[in-house]
Amino acid sequence: MLGSGLLQGLAVTAKNFVGSFHDPARYTTVEYPEVKPALPEAYRNFPFLVSENATDPMGTLRCVACQICEKECPPQCIYIEKSKDKKPDAAGKPQIYPAIFAIDTSVCMSCQICVEVCPFDAIKMDQVFEIATTTRFEALLLNREQLAKPNSYYHGIHPTEAAEVDARLAADRKAAEEKAQAAAAAKAAAAAAAAAKAASPAPKAPDESRRSPQGEGGPPTPKPQSERGAVS
Amino acid sequence: MNPELLTPGGANVRAVHDAFHGDLLEVSMGPHHPSTHGVFRMIVTLDGERIVKLKPVFGYLHRNHEKLGETVSYLGSMPYTDRLDYLSAMTNNWAYAIAVEKLAGQPVPERAEYVRVILAELTRLLNHTCLAGFLMQDCGCSGTPLMYAFREREKILDLFESLSGSRMMCNYQRFGGCRVDPTPAWVDATRTLVGNYGAFLDEFEALLTGNEIIMARTQGVGVLSAALAINAGVTGPMLRATGVASDLRKSDAYGVYPRFQFRVPLGAHGDVYDRYMVRVLEMRESIRILEQALAGLPGGPIMDPKAKLRGFRPKAGEAYGRIEGPKGEIGFYLVSDGGPNPLRYRVRPPSFINLTVLEDMCLGQTVADAVIILGSVDIVLGEVDR
Amino acid sequence: MNAALLFATTGSVLETLPVTLRDLVTGWLPEPLRWLVNSLVGVGTLLAVIGLLFAYLTLAERKILGRIQNRPGPNRTPIPFINLRFFGLAQPFADGVKAITKEDVVPDGADKVLHFLAPVALLAFSIMTLGVIPYGRHLVLLEFDAAVLYFFAAGAATELAVFMAGWASRNKYSLLAAMRALAQLISYELPLLLSVVPAVMLAGSLALPAIVEAQGGWSYGFLPQWHVFTPWGFAGFIIFFISALAESNRSPFDLPEAESELIAGHLTEYSGFKYALFFMAEYFGMCALSGMGVTLFLGGWQAPLPFLEFIPSYVWFGVKLLSLLLVFIWIRATFPRLRMDQLTRFAWKFLVPLALINLGTAAFWSLTAGWSGPLQFVRWAVALALVLVPFTLLGRRLSAGVAPRTYRYAT
């Protein structure tokens, strides 16, 4: 009969009216400023730079200004200038560091590609979203001081991922240490051999050791891709 | 009314401008109009309230998507594809990934194929639910179906967020797999959502499908003939609503779709109601696919271990990758010269191509119909204007 | 003193309380002036009460609509200075302040005089309709014999104001809205009036208090003799209610301001306080038509059950009015909008014939009032058949070609 569909519709809306008072599956509103939504661990918004410790963020940035993220960034929102000098990093090894590292958050689209391509685990995704400012330009251009956040913060927002990263870094470091030791031993042996021969030049340490703080420094180059292909 | 006015193209619009018919009224609907789904403009010529001519104007949201794709690396285009049809980022990602994988000959692990199917069908649920809500909003419901649709959409977006980190701009697929491996908790949450979705659809349909006003508003309105639909290259639910059995999931059998049991609903009249119903029925089929895919989700790697992320340079050649997106055939055509960027990057946007038959559907209908016909095409201006 | 008598006494005291209060205020005036001040006090009270009702009706509509849509609705506006939210109860006043302080934009090409006059005229006509409704046993502001005619004359004039607004705005959307408003007026005025005729016929009077009195008493000792509880009355009430929805431009008949098609229709070029006046007039019209429906079909200020009569009549009127308004809101939250041709077809091919047949049903009902015993059943059966058979047949014709469909699947 004409009108039965309409009455059915009225029943549905009445059910929802009642349901919105007692059924959390229907009434899903979170009243935001008072109640903050629970962010999933995977949530990402804008990158930040990881520093090893909180007391000296600029001295312990993991970033070595290799500029890969700058090249890979699809909207080109990262600007990096390498330092002329080298500064000791967290492990006391001299490294090139970013003299300028700026991200224009008005351009950044939080796509996470910088994070994925970074061979040093130096840039990670933040979870900030209350970032309104009163100006359109300077306040949205974040420099390295604003971008640097300690590793403990990273552990706070992405615990699982950060633990993986730390484990991987430690493993790398250990491997590099062993390699360096082996290299040193080899060097010593070579030196000995050289001393014995008293003519041939000493061999150079392998490239991989640069990854580790105990490594020998020099201009950083990206890790071979095959190592990081399936990570994350 | 003069039957001549009903002919497609409205060739003789000015001829009827005589004393008997009175003046024609030209109304510019949009770009700032509540129901043009973004910044879209229809220049409508009216005889009374009947449409005798309709000229769509778009491009207000043009942002050089295709040229941009030629200037950034293959990976760099992935987040941009999110922004084409921002309601179905996951399927856009997948179509682009398929194109690049074809170009580079990159295999995809089985687990990733299953996850892709799950995400694509979730996207279909999300997109069709939203569309039904928008369409009913265009019909004049005071937001109620739209809010119900958005309530459920939020639940799907929560899943996307906990998996990919972003609700809409997922940037999730990679060449040779997916970026993140879904956890068992995520799979369980998806299973719960899929289990509850049927009940939501029942309620949603109780509110809308049998409603006499909606039937009166949408049945016989905006009829699109199968012949015109095929000639114009219309795809997706719009084509199926005209009765043409065309679904890339069946005909292309990409991914692991051949492993799942599902049916393709077909309309018979090609009107707005059919387009709405075909989508609703498709959602029910999507639920079936999701149940099967979640049950059969295999273990193993989510990413091909040999896949390259950085310094990705496919050999010279060309490839066209397409999938059945929620709106129709979403395809990416790529030409590589062996460099890090594509030489040519071209999108086949389903909602843009579906929109081309708008005038043919609207002629002879009223202004009120034009609004719901536009709503039933299911456009997202991010994709139309690119 | 037993309880029933206590109830009766307090009841009658409360019943006459508004009049007593008014007389307390105006009693000291010299006799010749008293009628004037009495009327002014009445008008002031009515405007204050209906004005407050309007304010909180907007809030209630937004909140109920919100809850139906699974969201809270406006709940954040604090009470000034003390910063206490209290469910957003200060929202209407915040809205008012906003409306007053907004810039009043008048289009350059508009007919400025008409553009200004339209909201004023609309509101004036709406307020005029409010004057004749009996809000309680002793609360009739404007008591005269042709009250029903007056009510519908003033009510129809509001559509003229809508046309003025649409025409004067010099906007194509507004113009289309104005055309729609007029077509709607012509279509729905007829079923509205026809549905009222039986009530007038049975009371034998065009005066509203007489129509309310005619619905007094109880059949079988408990069923109130309101018109809505008779077959013709029920049908008449539904027709009246549907036409009232159309008359007050409410969903699903809100074609003149169809926001998804015509942006805001005749309101497109209005802003600030003029826009608020349109809103006010819409709600006043809604209240007036609901009040009329209550008076004509729902027994006016009569109590629904005999033992509830101690509650003053104006409370019952208010309760009925609010429940009708609630249905207005509920319908708005649920239904989509009709199209113009469907709207007029619905009026002419469905409501008007039904209302005409309903005249006959009402006549039959009043002629058979003396039937008793088993004839009672015959009376009910015939009357119900007179209502339901045309409804089904006309409904089937109206919805011909519109039906749920079955779909086939490609394998």
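The values are calculated or read from the model by the stated rules, or taken from the named source; none is laboratory data. Model, not experiment: these values are computed from the prediction. Heads up, the Cβs are rebuilt from the backbone with ideal geometry, glycines too, and the neighbour counts pull from every protein chain shown.
Tell me, please, whether a residue that is under 21 Å from A:L39 (Cβ atoms), more than 14 Å from chain B (Cβ to nearest Cβ) and of a type in the set (F, W, Y) can be found in the stretch A:147-161.
Taking the stretch A:147-161 as the starting set, the residues that turn out to be under 21 Å from A:L39 (Cβ atoms) are A:147, A:149-161.
Among the residues that remain, those that are also more than 14 Å from chain B (Cβ to nearest Cβ) are: A:147, A:149-156.
This time we only want the ones that are of a type in the set (F, W, Y), so: A:153-154.
So far as the stretch A:147-161 goes, yes, one or more of its residues are under 21 Å from A:L39 (Cβ atoms), more than 14 Å from chain B (Cβ to nearest Cβ) and of a type in the set (F, W, Y).
If I filter the stretch C:303-312 for residues that are touching a residue at least 60 places away in the same chain (Cβ under 8 Å), under 28 Å from C:L141 (Cβ atoms), assigned to a helix (DSSP H, G or I) and not hydrophobic (A, V, I, L, M, F, W, C), do I get at least one hit?
Checked against the condition, which is being touching a residue at least 60 places away in the same chain (Cβ under 8 Å), under 28 Å from C:L141 (Cβ atoms), assigned to a helix (DSSP H, G or I) and not hydrophobic (A, V, I, L, M, F, W, C), the stretch C:303-312 yields no hits at all.
Only one of A:P75, A:P57, A:P24, A:P40 is within 11 Å of another protein chain (Cβ to nearest Cβ), at pLDDT below 85 and either surrounded by 15 or more Cβ atoms within 10 Å (Cβ to Cβ) or part of a loop (DSSP other than H, G, I, E, B) (or both); which?
Only one candidate qualifies: A:P24.
Failed condition for A:R62, given (1) within 21 Å of the chain's Cα centre (by Cα); (2) of a type in the set (K, R); (3) at pLDDT 85 or above; (4) closer than 25 Å to A:G156 by Cα, with all others met?
So A:R62 meets the others, but not (3).
Would you mind finding the one in C:L182, C:L190 that is within 29 Å of C:L117 (Cα to Cα), over 16 Å from the mean Cα position of the chain (by Cα), surrounded by fewer than 21 Cβ atoms within 10 Å (Cβ to Cβ) and within 14 Å of chain B (Cβ to nearest Cβ)? Can you show your working first?
Values: C:L190 fails: within 14 Å of chain B (Cβ to nearest Cβ).
Among C:L182, C:L190, only C:L182 is within 29 Å of C:L117 (Cα to Cα), over 16 Å from the mean Cα position of the chain (by Cα), surrounded by fewer than 21 Cβ atoms within 10 Å (Cβ to Cβ) and within 14 Å of chain B (Cβ to nearest Cβ).
Which members of the stretch A:78-93 meet the condition of being touching a strand residue (DSSP E or B) at 6+ places or on another chain (Cβ under 6 Å) and surrounded by fewer than 18 Cβ atoms within 10 Å (Cβ to Cβ)?
Result: A:Y79, A:E81, A:K82, A:S83, A:K86, A:K87, A:P88.
Tell me which residues, restricted to the stretch A:134-169, are surrounded by fewer than 18 Cβ atoms within 10 Å (Cβ to Cβ) and either in contact with a Leu (Cβ under 6 Å, 6 or more places away or on another chain) or basic (K, R) (or both).
Of everything in the stretch A:134-169, those that are surrounded by fewer than 18 Cβ atoms within 10 Å (Cβ to Cβ) and either in contact with a Leu (Cβ under 6 Å, 6 or more places away or on another chain) or basic (K, R) (or both) turn out to be A:R136, A:R168.
Please work out if C:R76 is surrounded by 17 or more Cβ atoms within 10 Å (Cβ to Cβ), modelled with pLDDT of 80 or more and closer than 30 Å to B:S142 by Cα.
Taking the combined requirement at face value, the residue does not satisfy it.
Evaluate the stretch B:274-287: report whether one residue or more is over 17 Å from the mean Cα position of the chain (by Cα), of a type in the set (A, V, I, L, M, F, W, C) and under 19 Å from B:S88 (Cα atoms).
Within the stretch B:274-287, one or more residues are over 17 Å from the mean Cα position of the chain (by Cα), of a type in the set (A, V, I, L, M, F, W, C) and under 19 Å from B:S88 (Cα atoms).
For the stretch C:298-351, how many residues are more than 12 Å from every other protein chain (Cβ to nearest Cβ) and in contact with a Cys (Cβ under 8 Å, 6 or more places away or on another chain)?
Adding up the residues that qualify gives 2.
What about A:A99, is it assigned to a strand (DSSP E or B), away from chain C (no Cβ under 14 Å), under 30 Å from B:G311 (Cα atoms) and touching a residue at least 12 places away in the same chain (Cβ under 8 Å)?
Criteria met by A:A99.
Could you tell me which numbered condition C:A199 fails, if it satisfies all but one of (1) among the small types (G, A, S); (2) at pLDDT below 85; (3) part of a helix (DSSP H, G or I)?
Of everything listed in (1) among the small types (G, A, S); (2) at pLDDT below 85; (3) part of a helix (DSSP H, G or I), C:A199 misses just condition (2).
As an exercise: evaluate C:I263 against (1) under 22 Å from the mean Cα position of the chain (by Cα); (2) surrounded by fewer than 24 Cβ atoms within 10 Å (Cβ to Cβ); (3) closer than 20 Å to C:P336 by Cβ and give the number of the one condition it does not meet.
Single failed check for C:I263: (1).
Tell me the helices (runs of 4 or more DSSP H) entirely within the stretch B:47-147 that contain at least 2 residues that are surrounded by 22 or more Cβ atoms within 10 Å (Cβ to Cβ) and among the acidic types (D, E).
B:110-139
Restricting the stretch B:203-221 to residues that are part of a loop (DSSP other than H, G, I, E, B) and either facing chain A (nearest Cβ under 10 Å) or at pLDDT 90 or above (or both), which is surrounded by the most Cβ atoms within 10 Å (Cβ to Cβ)?
It comes out as B:N211.
Name the one entry in C:S260, C:S248 that is over 15 Å from C:P198 (Cα atoms), of a type in the set (S, T, N, Q) and away from chain B (no Cβ under 12 Å).
On inspection, the qualifying residue turns out to be C:S248.
Considering every residue within the stretch C:255-274, establish whether at least one is closer than 21 Å to B:G375 by Cβ, among the β-branched types (V, I, T), touching a residue at least 40 places away in the same chain (Cβ under 8 Å) and in contact with a helix residue (DSSP H, G or I) (Cβ under 8 Å, 6 or more places away or on another chain).
Yes, because at least one residue in the stretch C:255-274 is closer than 21 Å to B:G375 by Cβ, among the β-branched types (V, I, T), touching a residue at least 40 places away in the same chain (Cβ under 8 Å) and in contact with a helix residue (DSSP H, G or I) (Cβ under 8 Å, 6 or more places away or on another chain).
Given the condition farther than 16 Å from B:R167 by Cα and modelled with pLDDT of 90 or more, answer yes or no: does some residue in the stretch B:74-91 qualify?
No; the residues of the stretch B:74-91 include none that is farther than 16 Å from B:R167 by Cα and modelled with pLDDT of 90 or more.
Going through the stretch C:266-308 one residue at a time, which ones are over 30 Å from C:R137 (Cβ atoms) and under 15 Å from the mean Cα position of the chain (by Cα)?
Scanning the stretch C:266-308 gives a single hit, C:F279.
Can you give me the number of residues within the stretch B:132-190 that are hydrophobic (A, V, I, L, M, F, W, C) and within 14 Å of chain C (Cβ to nearest Cβ)?
Here the count works out to 10.
Can you confirm whether C:T411 is away from chain A (no Cβ under 12 Å), touching a residue at least 24 places away in the same chain (Cβ under 8 Å) and of a type in the set (V, I, T)? Show your work before the answer.
On the way: away from chain A (no Cβ under 12 Å): yes; touching a residue at least 24 places away in the same chain (Cβ under 8 Å): no; of a type in the set (V, I, T): yes.
So C:T411 does not fit the description; no.
Whether any residue in the stretch C:208-229 is of a type in the set (D, E, K, R) and at pLDDT 85 or above is what I want to check. Don't jump to the end; show me each part of the working.
As a first pass, look at the stretch C:208-229 and keep what is of a type in the set (D, E, K, R): C:213.
Then keep just the ones that are at pLDDT 85 or above; that gives none.
No: the stretch C:208-229 contains no residue that is of a type in the set (D, E, K, R) and at pLDDT 85 or above.
Checking the condition within 14 Å of chain B (Cβ to nearest Cβ) and either outside any helix (DSSP H, G or I) or surrounded by 16 or more Cβ atoms within 10 Å (Cβ to Cβ) (or both), which residue from C:E103, C:E61 passes? Quick ask: steps written out before the conclusion?
Working: C:E103 fails: within 14 Å of chain B (Cβ to nearest Cβ).
It is C:E61.
If I go through the stretch B:332-364 residue by residue, how many of them are assigned to a loop (DSSP other than H, G, I, E, B) and either touching a strand residue (DSSP E or B) at 6+ places or on another chain (Cβ under 8 Å) or not charged (D, E, K, R) (or both)? Outline the logic, then answer.
The initial filter retains those residues of the stretch B:332-364 that are assigned to a loop (DSSP other than H, G, I, E, B), namely B:337-343, B:349, B:356-357, B:363-364.
Filter once more, keeping what is either touching a strand residue (DSSP E or B) at 6+ places or on another chain (Cβ under 8 Å) or not charged (D, E, K, R) (or both): B:338-343, B:349, B:356-357, B:363-364.
Final tally of qualifying residues: 11.
With respect to B:W186, is the statement that it is closer than 28 Å to B:D385 by Cα, assigned to a helix (DSSP H, G or I) and in contact with a helix residue (DSSP H, G or I) (Cβ under 8 Å, 6 or more places away or on another chain) true?
Values: closer than 28 Å to B:D385 by Cα: no; assigned to a helix (DSSP H, G or I): yes; in contact with a helix residue (DSSP H, G or I) (Cβ under 8 Å, 6 or more places away or on another chain): yes.
Judged against the criteria, B:W186 is not a match.
What pairs can you find where one residue is in the stretch A:135-162 and of a type outside the set (K, R), the other is assigned to a helix (DSSP H, G or I) and surrounded by fewer than 19 Cβ atoms within 10 Å (Cβ to Cβ), and their Cβ atoms are less than 7 Å apart, with a gap of 6+ or different chains?
A:A162/A:H155
Yes or no: the stretch C:118-134 includes at least one residue that is in a loop (DSSP other than H, G, I, E, B), at pLDDT 85 or above, under 27 Å from C:V200 (Cβ atoms) and touching a Pro at 6+ places or on another chain (Cβ under 9 Å).
Taking every residue of the stretch C:118-134 in turn, at least one turns out to be in a loop (DSSP other than H, G, I, E, B), at pLDDT 85 or above, under 27 Å from C:V200 (Cβ atoms) and touching a Pro at 6+ places or on another chain (Cβ under 9 Å).
Among the helices (runs of 4 or more DSSP H) contained in the stretch B:236-329, which hold 1 or more residues that are within 14 Å of chain C (Cβ to nearest Cβ), surrounded by fewer than 24 Cβ atoms within 10 Å (Cβ to Cβ) and touching a residue at least 60 places away in the same chain (Cβ under 8 Å)? Give the derivation first.
Details: elements: B:237-241, B:248-251, B:272-295.
In the stretch B:236-329, the matching helices (runs of 4 or more DSSP H) lie at B:248-251, B:272-295.
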